Amino acid sequence: MTLDDDLVRSVDQAAKKLHMNRSAFTRAALRDALKKLNTKLLEQKQISSYRNHPSKSDEFSVWENEHAWGDK
């Protein structure tokens with residue numbers, strides 16, 4: 001993996017503040033990036049699903065009648 005010098009310096013500074021070494025910081029950052037990517041892909045899948053199969057206007061009315069909203 002090739003990183004530019006400025007990025008390496010920034011990573012080293014951040015890792016030092018967190019009492020980590022460069023490798024630990026990079027592993028954590030990559031894990032975080034992969035989690036964010038997975039979340040984004042799941043959100044896109046959900047949006048696509050709703051676009052392809054939109055909910056019907058009365059689809060959730062049964063649950064609205066059953067739920068105690070606390071306004072009565």
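Annotations for the structure displayed:
- Qualifying positions in region 22-57 - more than 30 Å from Met1 (Cα to Cα) and either open to solvent by 100 Å² or more (accessible area, probe 1.4 Å) or aliphatic (A, V, I, L, M) (or both): Lys45, Gln46, Ile47, Tyr50, Arg51, Asn52, His53, Lys56, Ser57
- For Val11: the one exception among (1) open to solvent by less than 80 Å² (accessible area, probe 1.4 Å); (2) not in a helix (DSSP H, G or I): (2)
- Residue list for region 14-36, filter: of a type in the set (A, V, I, L, M, F, W, C) and part of a loop (DSSP other than H, G, I, E, B): Leu18, Met20
- Scanning region 61-72 for residues that are hydrophobic (A, V, I, L, M, F, W, C) and open to solvent by less than 100 Å² (accessible area, probe 1.4 Å) turns up Val62, Ala68.
The values are calculated or read from the model by the stated rules, or taken from the named source; none is laboratory data. In this text the structure is predicted, and so the values were computed from the model without any measurement. Quick note on the areas: whole protein, heavy atoms, side chains included, nothing else; ligands and nucleic acids left out. Shrake-Rupley method; radii C 1.70, N 1.55, O 1.52, S 1.80 Å.
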